[in-house]
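Structure first, commentary second.
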Amino acid sequence: MTPPTRIPFPVVDEVSRHCLQEEEPETVHIEVHLPGRLDRSRLRKAFLEALHRHPRILMREAPGGWYRRRYEWELTAEPDVEVVAFPNPGRNALRDARTRALMETPPLSLSPPIRLEVVEEAGPAEGSEATDLVGVHPPQGRGELRDQPPLSRTRKTTSTVLFLTINHTALDGPACLRILATAAEIYGGKDNSPTPAPTRPQEPPAPPENTPSNWTRPARVAQGTPEPSPGNGLLVTELALSRRPKGSPYTVNDQLMVATALTIAHWNREHGEAPRPLRITMPVDDRPRDMTMEIGNGTRLVEVPFSPEELAKKPKDMPELLSRTAQRTRALKSLSRPQLGHGAGVLTAPVTPVAWRAALTRGLRRAAAPWTSTTLLSNIGRIPYPLDFGEEAGRAHAVWFSAPARMPRGLTVTTASTAGRLHLALRWSRALLSHGDGTHLRDLFEHYLRTTEVAP
């Protein structure tokens, strides 16, 4: 019998594997809302076929002793477990599925390290402890937003919700969305090829400008009202897409970046924190979205800096702030660098037993915590696939992602757009924030996103 193929852990996977914490699982959650119903056996067969068409996802961590020089993935011919599950429908089924996506990580020891749950008869997207999608929510009456009008949201009816839960040590959200798009095409028999990315004129990146040094300790998200239970909290909401004048030198991603920075600066002022530079981590994904897409953790991380003066109580020139942000993001995207920087490559070199490197990595992570970026903004952008499951199930009208929110950052912002709407997920560490804090941050974000809709 031929032994399974083994693949050494890439740098990103190894660093993540070293730093796993049971209190705050390293999961990515993807939530896809469909208007119709799915046939259970057909979906299972379609998803299994999609896994076989992308065999790199059929992997598990190979066993080994403490003295081994590296972790390895072991590729399997078939899944070790049934990946697709159908929890009992009910009033709290949606909330419970979100909770599992945050708290229960698919194990690395079983292939594949993902889980797909299908919540049927989900009904209208209702508010709950873990989600706040509908209704009218005026700001909390704190700080600058006290006199703003209420914020409205729309209620949508959903018949089926697909929950993909991913062990982030092995895979990222865009890779698993590619798997789901393949399953949709197999199930519905309709073309789910990605739409071409919007073309923009290629401009040479602007020369470096005076921005806060990466050696400066950035601001932390101020502590709100911590909760006694460990883990992450989550709030998802649907917003109107931000508008920008035709021909603007900045993108929607730059508007989201500025809105995130202004939101955290406002939050920190409310909580008495002295102004400090902000650094926002931004994943950059250059992979193709077609069937050749590399499956795994394929994004590289860059950090976008903001000075306290740029994020003053009332920015003096919003178009100028947006343009400067666009210059920074373009320059960072154009840099050729490893996914986690050059230091991570040295740290994961297989010259000592992997257990020794794990202890060193965890120690360095603790020591470097004060220099960790303030937060992470992951903008998936327009969902490139129709996610069309055929006539009965229909096409996705809402897709949410959320990234892990472990301390010391303690807060992540993830956005995607589907069917002409922006789908925002705020995820936080309960050691830092409560659901009420998340609701207020959501209102602040919506307010500041609207302030970026200015004519130059």
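Taking θ as phi - 60°, what are the ³J(HN,Hα) couplings along region 174-179 by the Karplus curve (6.51, -1.76, 1.60), each to the nearest whole Hz, with x for Gly and Pro?
Result, rounded to whole Hz: x, 5, 6, 5, 4, 4.
Accessible area, 1.4 Å probe, largest first: how do V351, V258, V11 sort? Don't skip to the answer; put the middle values down first.
Values: V351 105, V258 0, V11 55 Å².
Descending accessible area places them as V351, V11, V258.
Once neighbouring chains are kept in place and the probe is 1.4 Å, which whole percent of the accessible area of region 320-388 is contributed by carbon and sulfur? If you can, show how the numbers build up before the last one.
Working: 2030 of 3220 Å².
Ligands and nucleic acids excluded, carbon and sulfur give 63 percent.
Is region 387-426 rounded, prolate or oblate when judged by the Cα gyration tensor, a ≥ b ≥ c being the square roots of its eigenvalues, rounded requiring a/c under 1.5 and prolate requiring a/b larger than b/c?
It comes out prolate by the Cα gyration axes.
Where a Cα-Cα gap under 19 Å defines reach, which lysines qualify for K190, not counting those fewer than 8 residues away within the same chain?
K190 reaches K45.
Mind listing the long-range amide H neighbours of T5? Cut-off is under 5 Å, sequence gap 5 or more, other chains count too, H placed in the peptide plane at 1.01 Å from N.
The list, which skips near neighbours in sequence, is L75.
Using θ = phi - 60° and the Karplus curve 6.51 cos²θ - 1.76 cosθ + 1.60, what whole-Hz ³J(HN,Hα) does each residue of region 239-255 get, with Gly and Pro shown as x?
10, 6, 5, 5, 9, 8, x, 4, x, 5, x, 10, 10, 4, 4, 5, 5
Using R₀ = 22 Å, calculate the FRET efficiency as 1/(1 + (r/R₀)^6) where r is the Cβ-Cβ separation of I7 and A359; round to 0.05. Don't jump to the answer; show the numbers that get you there.
On the way: r = 24 Å, r/R0 = 1.09.
So the FRET efficiency works out to roughly 0.35.
With every protein chain present, what is the per residue accessible area of the chain (1.4 Å probe, Å²)?
Details: 20080 Å² over 456 residues.
Per residue, the chain has 44 Å² of solvent-accessible surface.
Once the other residues with Cβ under 13 Å from the Cβ of Y385 are scored (Lys, Arg +1; Asp, Glu -1), what is the net sum? Present the calculation step by step, with values, prior to reporting the outcome.
Working: positive: R178, K190, R289, R382, R395; negative: E185, D191, D290, D388.
Here the charged neighbours net out to +1.
Using a Förster radius of 60 Å, what is the FRET efficiency between K314 and K45 based on their Cβ-Cβ separation? Nearest 0.05, please.
Working: r = 57 Å, r/R0 = 0.95.
Between K314 and K45 the formula returns 0.60.
Probe radius 1.4 Å, ligands and nucleic acids left out: which of D443, D286 has the largest accessible area, and how do the rest follow?
Details: D443 0, D286 110 Å².
Ranked from most to least accessible, the order is D286, D443.
Using heavy-atom solvent-accessible surface (probe 1.4 Å) with all chains present, what is the largest-first order of E23, E270, E309?
Numbers: E23 105, E270 60, E309 140 Å².
The ordering from most to least exposed comes out as E309, E23, E270.
Under the rule of at least 5 residues apart or a separate chain, name every residue whose amide H is placed under 5 Å from the amide H of T27.
H168
Non-local amide H neighbours of T375 (under 5 Å, H modeled in plane, Pro and chain starts lacking H): which ones?
Long-range HN contacts for T375: R279, T281.
Going by a ≥ b ≥ c, the root eigenvalues of the Cα gyration tensor, does region 1-91 fall in the rounded group (a/c under 1.5), the prolate group (a/b larger than b/c) or the oblate group?
oblate
Over all distinct Cα pairs, what is the inverse of the mean 1/r for the chain, reported as the Kirkwood hydrodynamic radius in Å?
Numbers: mean 1/r = 0.0438 Å⁻¹.
That comes to 22.8 Å for the chain.
Tally Lys and Arg at +1 and Asp and Glu at -1 over the other residues with C-beta under 12 Å from the C-beta of A222: what net charge comes out? Provide the component values of the computation, followed by the final result.
Numbers: positive: R220, R269, R276; negative: E270, E273, D437.
For residues surrounding A222, the net value is 0.
Please work out whether region 242-401 counts as rounded, prolate or oblate from its C-alpha gyration tensor, where a ≥ b ≥ c are the square roots of the eigenvalues and a/c under 1.5 means rounded, while otherwise a/b larger than b/c means prolate and anything else oblate? Before the final figure, lay out each step's value.
Details: a/c = 1.88, a/b = 1.06, b/c = 1.78.
Oblate, because a/c is 1.5 or more while a/b does not exceed b/c.
The values are calculated or read from the model by the stated rules, or taken from the named source; none is laboratory data. Quick caveat: nothing in here was measured; it's all calculated off a predicted structure. Because the Cβ atoms are built from the backbone with ideal geometry, glycine has one as well, and the counts that use them run over all protein chains shown. The accessibility values were calculated without ligands, DNA or RNA, using every heavy atom of the protein model including side chains. Shrake-Rupley method; radii C 1.70, N 1.55, O 1.52, S 1.80 Å.
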